[in-house]
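The values are calculated or read from the model by the stated rules, or taken from the named source; none is laboratory data. Just so you know, these numbers come straight off a predicted model, no measurement behind them. Neighbour counts are summed over all protein chains in view; Cβ atoms, including those assigned to glycine, are modelled from backbone coordinates with ideal geometry. We work out accessible area using only protein heavy atoms, side chains counted, and drop any ligands, DNA or RNA first. Shrake-Rupley method; radii C 1.70, N 1.55, O 1.52, S 1.80 Å.
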Amino acid sequence: MPRGDLKEVLIVCAKFGYLSTNGAVVDAMKNDNSIHIIDLHIAQGSQLITLIHALAARPGRSPRIRITGTDNSISAYARGGGIKIVGRRLSSVIASCNIPFEFHLVAASCSDVEIEHLNVRPGSRFEPYAQ
């Protein structure tokens, strides 16, 4: 298989994984008015955009979305800046969907994250999100 073909196959597999995960999250939280997504390796945050659009398209009122993203210095270097870039990007997408939104960042690799870092509120429903 030529190298370019393998890259295309891997991209399709990754997108399928994101869509499958997003579908599971939307289904699991279909009746929740407030959703806290904890992405244990947020990277660019692109994987969350289709999830945000799916949540915005739910019948009735859109949920309030809180996203907590963890990130490490390697991803920040690859992205060309810190995790705040991801927060601004996701905020822009969510603003276009007219959904209440809160972004919380944790500048640490997922192996170094403690529950206290995740901003989990007592009684709130949250969904771990990791690929």
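Values as computed for the structure displayed
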read-out: Residue match in segment 97-104 (condition: loosely packed, with under 11 Cβ neighbours inside 10 Å and either at pLDDT 80 or above or within 16 Å of the chain's Cα centre (by Cα) (or both)); value: yes
read-out: Selection count where residues are under 16 Å from LEU105 (Cβ atoms) and not in a helix (DSSP H, G or I), scope segment 34-62; value: 10
read-out: Segment 57-81, residues that are at pLDDT 70 or above and surrounded by fewer than 16 Cβ atoms within 10 Å (Cβ to Cβ); value: ALA57, ARG58, PRO59, GLY60, ARG61, ARG64
read-out: Every residue from segment 108-124 that is at pLDDT 75 or above and either open to solvent by 90 Å² or more (accessible area, probe 1.4 Å) or over 16 Å from GLY45 (Cα atoms) (or both); value: SER111, ASP112, VAL113, GLU114, ILE115, GLU116, HIS117, LEU118, ASN119, VAL120, ARG121, PRO122
read-out: Enumeration of residues in segment 87-99 that are under 14 Å from ALA57 (Cα atoms) and touching a residue at least 12 places away in the same chain (Cβ under 8 Å); value: VAL93, ILE94, CYS97, ASN98, ILE99
